[in-house]
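Read the figures in this text as sums done on the coordinates, not as results from a lab. Not measured: the values here are computed from a predicted model. Because the Cβ atoms are built from the backbone with ideal geometry, glycine has one as well, and the counts that use them run over all protein chains shown.
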Amino acid sequence: MSDVPSHISLAGKTALVTGGASGIGLAVAAYFRQLGASVLVADLADTAPAGFESAYERGDVCSESDVIRMVERAAHEGRLDIAVCCAGIADQLVPTVEQDIETWQRVLDVSLRGTYLVCREAGQRMLPRASGALVTIASVTALGGFPRRNAYGASKAGVAHMTKSLACEWGGSGVRVNCIAPGYIATPMVEQVLERGRLDGRRITERTPMRRLGQPAEIASAAAFLASDWASFVTGAVLPVDGGWSAFGGSGDVATS
Ligand SMILES: NC(=O)c1ccc[n+]([C@@H]2O[C@H](COP(=O)([O-])OP(=O)(O)OC[C@H]3O[C@@H](n4cnc5c(N)ncnc54)[C@H](O)[C@@H]3O)[C@@H](O)[C@H]2O)c1
């Protein structure tokens with residue numbers, strides 16, 4: 001076991017974090033920097049998050065040319081060690097018969113097309129060096145059916161499955177690809193849908209064995225593990241970070257005592 005590092009470190013690594021202006025992506029970017037990585041944040045937002053003003057690339061992960069630019073800028077002397085794909089948008093959360101196809105398609109594009117483009121472009125940098133770690137972000141909606149989440153659930157199931165396909169294709173080339181499936185995490189995305197009354201916060205905590213929402217930092221620490229040498233033999237994994245949500249088989253406990 002002497003090859004296992006004594007602590008998680010990303011010192012000297014170059015990392016791209018998409019969707020890094022808010023929520024989970026911002027927590028990942030900040031934590032990776034704390035662990036020693038040189039981080040480029042990429043996001044659609046007009047303004048860079050505090051502390052990342054000189055390490056920010058504005059762009060849309062759905063755009064091939066934008067993603068090529070993000071990856072190019074994140075790489076130092078052509079080398080990119082890590083990419084974490086956090087860009088995502090919420091679903092319409094209205095009954096299926098009221099949903100519009102444009103929003104449906106946009107959710108698919110940001111999540112699935114965006115993750116594909118980032119992985120493909122990052123892979124182009126990593127494969128020749130036989131080294132790299134990609135972390136994709138799915139959701140518990142990738143693991144089971146959720147009413148009204150047609151596009152979101154399908155896109156996240158696609159992300160989880162694509163992660164496995166990439167891991168199998170690149171496993172022999174030293175590039176690891178893993179996925180995190182978060183449960184409900186307290187980010188602006190979730191806070192907005194809670195405020196709009198589209199989700200019931202009380203029912204979320206009741207349905208979650210750990211009886212609370214997760215914090216963005218709790219996804220960042222899982223991402224750091226997967227991106228680091230601590231996970232040197234982990235690839236193709238879909239890791240739920242969900243307070244037990246996906247372990248719980250029922251919608252409520254019906255036992256009387
Ligand atoms: N918060 C949760 O409970 C939860 C649960 C499961 C999965 N997720 C996933 O985690 C990821 C981060 O979500 P969050 O909760 O931090 O949301 P968030 O809204 O706080 O952050 C998402 C970020 O992605 C950016 N973004 C959106 N579309 C983009 C695009 N086309 N190109 C580049 N950037 C874009 C946004 O500007 C924003 O900064 C998403 O993929 C989301 O689906 C979140």
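Remark: the chain projects, on average over all directions, an area of 15.4 nm² (convex hull of Cα atoms).
DSSP bridge analysis restricted to region 70-227 gives an antiparallel fraction near 10%, rounded to the nearest 5. The Cα trace of region 27-78 gives Rg and Dmax of 11.1, 30 Å, the first to one decimal, the second as a whole number.
Calculated from the alpha-carbon coordinates, region 55-175 shows an Rg and a Dmax of 15.4, 50 Å respectively.
When only the Cβ of Lys, Arg, Asp and Glu is charged (+1, +1, -1, -1), the dipole of the chain relative to its Cα centre reaches about 420 debye. Centroid-to-centroid, using Cα positions, region 43-97 and region 150-201 are 15 Å apart. Please name whichever of Leu16, Thr47, Cys179 sits farthest to the positive end of the charge dipole of the chain, dipole taken about the Cα centre and charges placed at Cβ: Lys and Arg +1, Asp and Glu -1. Of the listed residues, the answer is Cys179.
Sorted largest first, the principal axis extents computed over the alpha-carbon atoms of region 78-136 equal 48, 14, 13 Å.
The Cβ shell under 13 Å around Asp81 holds other residues with a net charge of +3, Lys and Arg each +1, Asp and Glu each -1. With a simple spin-label model that places each label point 7 Å from the Cα along the Cα-to-Cβ direction, the separation between Gln192 and His7 comes to 3.7 nm.
Given an 8 Å cut-off on Cα distances and at least 6 residues of separation, report the relative contact order of region 116-257 as a percent.
Reported as a whole number, the value is 29 percent.
In percent, how large is the relative contact order of the chain, given Cα pairs closer than 8 Å and 6 or more residues apart?
Dividing the mean separation by the residue count of the chain yields 20 percent.
For region 162-257, compute Rg over Rh where Rg is the Cα radius of gyration and Rh is the Kirkwood radius from the inverse mean 1/r over Cα pairs. Spell out each step's value before the answer.
Numbers: Rg = 16.5 Å, Rh = 15.3 Å.
Value, to two decimals: 1.08.
The smallest convex shape that holds all Cα atoms of region 152-207, its convex hull, gives 101 Å³ per residue. Relative to the Cα centre, the charge distribution of region 35-154, modelled as +1 at Lys and Arg Cβ and -1 at Asp and Glu Cβ, gives a dipole magnitude of about 420 debye.
In units of the compact-protein estimate 2.2 N^0.38 Å, region 37-113 shows a Cα radius of gyration of 1.32.
Where Rh denotes the Kirkwood radius from the mean inverse Cα pair distance, what is Rg over Rh for region 102-164?
1.06
Dipole of the chain computed with +1 at Lys/Arg Cβ and -1 at Asp/Glu Cβ about the Cα centre; of Gly214, Trp104, Ala87, farthest Cα towards the positive end is Gly214.
Take each peptide in 59-68, 149-158, 131-140, count the other Cβ atoms within 10 Å of every residue, and average; sorted highest first, the result is 131-140, 149-158, 59-68. Please identify the helices of the chain, taking whole runs of DSSP H, that span at least 27 Å along their own axis as judged from the Cα atoms and have a mean Kyte-Doolittle score of -0.5 or higher. Membrane-span-like by this rule: 150-170.
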